[in-house]
Amino acid sequence: MRTMKNILVTGGAGFIGANFVRFLLEQSAETRIVNLDALTYAGSLENLKDLPSPERHTFVHGNICDRQLVDHLLRAHQIDTIVHFAAETHVDRSIQDPGPFIQTNIVGTYTLLEAARQYWLVEKAFPHHAVRFHHVSTDEVFGALKPGDPPFSETTPYAPNSPYAASKAASDHLVRAYYHTFGLPVTISNCSNNYGPFQFPEKLLPLMITNALEGKPLPIYGDGQQIRDWLYVGDHCEAIYRILEKGAVGETYAIGGNNQPTNLMLVETVCAILDEEMPDSPHTPHKALIQHVPDRPGHDRRYAMDITKISGELGWQPRQGLGSGLAKTVQWYLANQAWIAAIRQQQDYQRWLEQNYQKRGHKP
Ligand code: NAD
Ligand code: DAU
């Protein structure tokens, strides 16, 4: 089992990154974290309040494309492990403006890889076996499944359909190439849709929960029969930790929750949970707020993940069932209304709702 001392987490003020920082501080008493995040619209220091053992966490406000800064951080903190979350992540935004996706997801990943190669392989800052670059990626690089197709696995050919997915696919290829060409010790994980605390309310579940709380319409793209594989964020964090500890260099791991509801079923379940949690709400039954709106261009119909490899080789399984995970998530949003209010007031967020939903003929 590999031990890690000083970890550079990129994008640790975003949804999964902030959950991972918390997980890591609780999990391991020795590790120190340097958290590099540009604090784009999706990142917030609100996500990093009340951390356990905050003395082992250093936040750095900066961009992964800034090579000088990355070089400095690697040396100043003697980084032996990089866990790379930072990315532009919203498919709908990538359809409106792909530019930032190319910059952060491709150029940013290249910048980190080059900096790691220089420090770890050229300068030989540590023994080869002591360092690791873990790249956090998505199932969207594999494209869409037809009904009856087997789930995605580590051997599925890449077929990305959105600018977001294409930029993540490009970054995966770069990481793979740095392993094969230079021998950089890397691992890659491709995970399905995450849900849970601190998810920015542009994504399906937090958008539905926060809209429903205000009695606003719940916009379902197209017929709502699209299928995603949903994984509780804490389970994703644990999977990444297992890979860091026990994963084999150069390997890719598929991660998923073994849950494949349609979007409509998922949103109806959330509405039912809200009805139970808030029986006196004037918006009960929340299901009545659902509205179908024009579809996302190029919308992938179905994703599903085969987790045989990570289960068999690393002993990882999702712990959280979808029903209890959704209930926990709704309860977290109900208990954190100040967090929601801070985000929903942001000008950028309001502008995004107008841009994305008004053009669908839907009042945000
Ligand atoms: P997020 O959008 O919530 O957070 C992204 C974070 O990256 C933000 O804190 C943002 O400020 C930061 N960031 C963006 N550009 C940056 C830059 N140039 N330099 C430094 N920081 C920058 O994203 P998320 O949902 O937490 O996803 C994290 C990672 O996991 C991404 O790589 C994503 O592709 C991958 N992933 C996400 C999911 C999911 O369902 N959310 C599933 C599988 C994989
Ligand atoms: O599969 C992993 C991916 O999951 C991650 O790589 C992405 O970063 C993450 O954003 C997520 O992508 P999706 O496009 O699947 O997530 P999103 O929450 O945007 O949408 C989930 C489904 O819900 C999708 O089929 C589109 C639909 N949807 C979404 C929104 C925002 C709606 O029907 N209405 C909406 O308003």
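The values are calculated or read from the model by the stated rules, or taken from the named source; none is laboratory data. Bear in mind that the values here come from a model prediction, so they are computed numbers and not experimental data. Every residue, glycine as well, gets a Cβ built from its backbone with ideal geometry; the counts of neighbours run over all protein chains shown. Just the protein is used for accessible areas: all its heavy atoms, side chains included, with ligands, DNA and RNA removed. Shrake-Rupley method; radii C 1.70, N 1.55, O 1.52, S 1.80 Å.
For the chain, what proportion of DSSP beta bridges, expressed in % and rounded to the nearest 5, is antiparallel?
Around 5 percent antiparallel, to the nearest 5.
May I ask you to compute the full-extension gain from Arg296 to Ser53, defined as 0.36 nm times their residue separation minus their alpha-carbon distance, rounded to one decimal in nm?
Additional length available on full extension: 83.3 nm.
Specify the angular offset, from 0 to 90 degrees and rounded to the nearest 10, of the alpha carbon long axis of helix 322-335 from the longest principal axis of the alpha carbons in the chain.
80
Per residue, how much accessible area does segment 131-185 show when a 1.4 Å probe rolls over the protein heavy atoms, in square angstrom?
40
For segment 194-221 and segment 124-187, what is the separation of their C-alpha centers, rounded to whole Å?
Cα centroid to Cα centroid, the span is 29 Å.
Might you report the magnitude of the Cβ-based charge dipole of segment 293-364 about its Cα centre, with Lys and Arg at +1 and Asp and Glu at -1, to the nearest 20 debye?
It comes to approximately 220 debye.
Please give the helix 263-277 orientation as an angle from the longest Cα principal axis of the chain, in degrees from 0 to 90, rounded to the nearest 10.
Roughly 70 degrees between the two axes.
Which is farthest toward the positive dipole end of the chain among Pro318, Ile64, Gln358, measuring Cα position about the Cα centre, with Cβ charges +1 (Lys, Arg) and -1 (Asp, Glu)?
Final value for the positive-end residue is Ile64.
Let's see if you can work this out: charge +1 on each Lys and Arg Cβ, -1 on each Asp and Glu Cβ, no other charges. What is the dipole magnitude of segment 1-145 about its Cα centre, in debye to the nearest 20?
Charge dipole, segment 1-145, about its Cα centre: 520 debye, nearest 20.
Over 26 Å between Cα atoms: which of Lys49/Lys168; Lys203/Lys359; Lys49/Lys203; Lys168/Lys203 fall into that group?
Lys49/Lys168
Return the carbon/sulfur percentage of the accessible area of segment 165-279, one whole number, probe 1.4 Å, all protein chains in place.
That fraction is 50 percent.
Whole number in Å², please: accessible area per residue of segment 1-119, 1.4 Å probe, ligands, DNA and RNA not counted.
Dividing the accessible area of segment 1-119 by its residue count gives 40 Å².
For the chain, find the longest principal axis of its Cα atoms and tell me its angle to the long axis of helix 163-182, 0 to 90°, nearest 10.
20
Between Leu121 and Glu277, what FRET efficiency follows from the Cβ-Cβ distance if R0 is 51 Å, with the result rounded to 0.05? Each step should come with its number before you reach the end.
On the way: r = 52 Å, r/R0 = 1.03.
My answer for the efficiency is 0.45.
By per-residue mean of other Cβ atoms within 10 Å, what is the highest-first order of 308-321, 20-33?
Working: 308-321: 15.6, 20-33: 18.9.
Listed from highest to lowest mean packing, they are 20-33, 308-321.
Out of the total accessible area of segment 1-109 (probe 1.4 Å, heavy atoms of protein only), what percent is carbon and sulfur?
Roughly 50 percent of what the probe reaches on segment 1-109 is carbon or sulfur.
Given the rule -39500 (n - 2.57) for each run of at least 4 DSSP H residues, summed and divided by the residues of the chain, what is its mean residue ellipticity at 222 nm, to the nearest 500 deg cm²/dmol? Working shown, then result.
Values: 12 runs with 133 residues, N = 364.
The helix contribution divided over the chain gives -11000 deg cm²/dmol.
Tell me the per residue accessible area of segment 211-284 using a 1.4 Å probe; a whole number in Å² is fine.
Per residue, segment 211-284 has an accessible area of 34 Å².
Using only C-alpha atoms and all pairs of different ones, pull out the Kirkwood radius for segment 307-364 in Å with one decimal.
About 14.8 Å, per the Kirkwood formula over Cα pairs.
Quick one: putting +1 on the C-beta of Lys and Arg, -1 on the C-beta of Asp and Glu, what dipole do you get for segment 239-309 around its Cα centre, in Debye to the nearest 20?
I would put it at about 400 debye.
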